[in-house]
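Here is the structure we will look at, set down as C-alpha cells.
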Amino acid sequence: AIVDNRLYLWAFDSNCEVEEFQHSDHLIVSVALVPARRGVFIDDVQYVLVVATTIEIVLVAISIGAGHDVISPIELYATPYAVPTDGVFVLHVVGTATGRIFLGGNDGVVYEVEYSGESSWRNLVGLPNQCRKVDKSSSAVAKWVVPQFLRDLVYPDGPIHQLVVDNGRNLLYT
C-alpha cells in the first residue's frame, strides 16, 4: 500500500510485520517489483523494488528469507541506484524476467532504467555504480533536428498508461 511518500509491504497470507519504506518527502507515484539482475547484488537479493516519486526513481534491493515452516521475513536494502525523473511523471513501471526495468511516462516516451554492478573507473574514484534513464522510443535524429514545438504538432504523444512484458518473446507492449 502507498500512502503519500510511504510504502508499506507485508505478506498478506500471514501475520508478518509490516515493512515501511520512506525514502524522501516526495509523493510515490508508481511502484513495481522486478527480479534482480544477476551479478549486481549479493546472492540473497532476489528482487528489486522500483519506486518512482515525483522527482526520482529509486531501486531498493529485496531479500525474502528461505524459511520452510516459518514465515520468511522481507528485508529491504538501500542501494546507490537512483535516477532523476527530469520532470517526467512516471505512470507505469514494469520489469522483465531478466531484471530490465521499463517506465512509461506522461510525456509519451518509454524509458529503460539501466543499472550495473560491474566495476568501472567510477568505482576507482569513489563514485557509485552507474544508473541512468534511457529514452527507448524517440528518434535521436528527430530530437536534435526538429524543434520540440514542431514534434508536438506532428507527433502529439499521449501519456503511456500501460506497459506489458512478454518474456517468452522478449517483447514490450505499450
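Looking at residue 124, is it modelled with pLDDT under 90, among the aliphatic types (A, V, I, L, M) and open to solvent by less than 60 Å² (accessible area, probe 1.4 Å)?
no
Could you tell me how many of the residues in region 84-94 are in a strand (DSSP E or B) and open to solvent by 20 Å² or more (accessible area, probe 1.4 Å)? Walk me through how you get there before you give the answer.
Our first condition is that a residue be in a strand (DSSP E or B); within region 84-94, this holds for 84, 90-94.
From what's left, open to solvent by 20 Å² or more (accessible area, probe 1.4 Å): 84, 91-92, 94.
Final tally of qualifying residues: 4.
The criterion of at least 1 residues that are open to solvent by 10 Å² or more (accessible area, probe 1.4 Å) and of a type in the set (D, E, K, R) is met, among strands (runs of 3 or more DSSP E) falling completely within region 16-61, by 19-21. Just the residues that are within 16 Å of residue 75 (Cα to Cα) and acidic (Asp, Glu), please, taken from region 13-59. Hits for region 13-59 are 17, 19, 20, 43, 44.
The values are calculated or read from the model by the stated rules, or taken from the named source; none is laboratory data. Bear in mind the structure is a predicted one, so any value in this text is a computation, not a measurement. Note: areas computed on protein heavy atoms with side chains; ligands, DNA, RNA excluded. Shrake-Rupley method; radii C 1.70, N 1.55, O 1.52, S 1.80 Å.
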